[in-house]
């Protein structure tokens, strides 16, 4: 699926956090359904109804026939896999458009974890919750205004969050949960101010005019250089990403038809989806150059 097809698919839909979260959940449902044909037809019908209603062109290129097994059960697992791939493209496309997509996804996941801890506080080890508390305050203190206000153990003059325990820790986690859901509901105000102050440049810049194999090669070199400079990644993971870029580059430079190139990219696309948003942002501008 090319960039134009993705844009046509999404159309004028505003991709809210809730919609993106639903899409991620449905991707997981499609993955889980691969273990058994039972229920695959029912899930296929539900997802097709949901996403065709949201995106009128969603059903394009998704087979709808299924097959009857000897037990009399319809097997729609391959169709569910096609739905999964299309939903993954929507997620990756949205990540490319929003420079803070990774941050927003991280915050949404942390809100879910905070809810888990606050709903069943007594069932978790205090050491585990203290570690999580330290992570949350370190992540969001620079971005969420007055994050520490009203928390036990917070020293505002130094921006330090001291360790707390028992009822104080439970209270602080509940306060953080409420502060983060409010920050999200307000539209991430501090991120919006950062957007107005800075011009965010994607990992790879590629023009749309007269792209030839030489310019694609330069773009891949730029992407590889960015990956090699990611000091947070272990060497084995960097090597794996670079190998996938080489594989994609060979596909793009082949003389195959565009449709065959996209078909040959399926395994790479699945791999990208499993690796996460940062890798997706690095690869998507390259994928969109398939001719």
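Extension gain for residue 32-residue 190 works out to 53.2 nm (0.36 nm per residue, less the C-alpha to C-alpha distance).
Between residue 24 and residue 254, the contour length at 0.36 nm per residue exceeds the Cα-Cα span by 79.5 nm.
Classification of the stretch 102-196 by its C-alpha gyration tensor yields an oblate form. The axis ratio a/c (a ≥ b ≥ c) is 1.5 or more, and b/c is at least a/b.
Given contacts defined as C-alpha pairs under 8 Å and at least six residues apart, what's the relative contact order of the stretch 102-196, whole-number percent? That works out to 32 percent. Modelled spin labels at residue 116 and residue 171, positioned 7 Å past Cα toward Cβ, are 2.6 nm from each other.
Taken together, the values in this text are just the output of simple stated rules run on the coordinates, not laboratory data. This is a predicted model, so every value here is computed, not measured. Glycine gets a Cβ as well: all are built from the backbone with ideal geometry, and neighbour counts include every protein chain shown.
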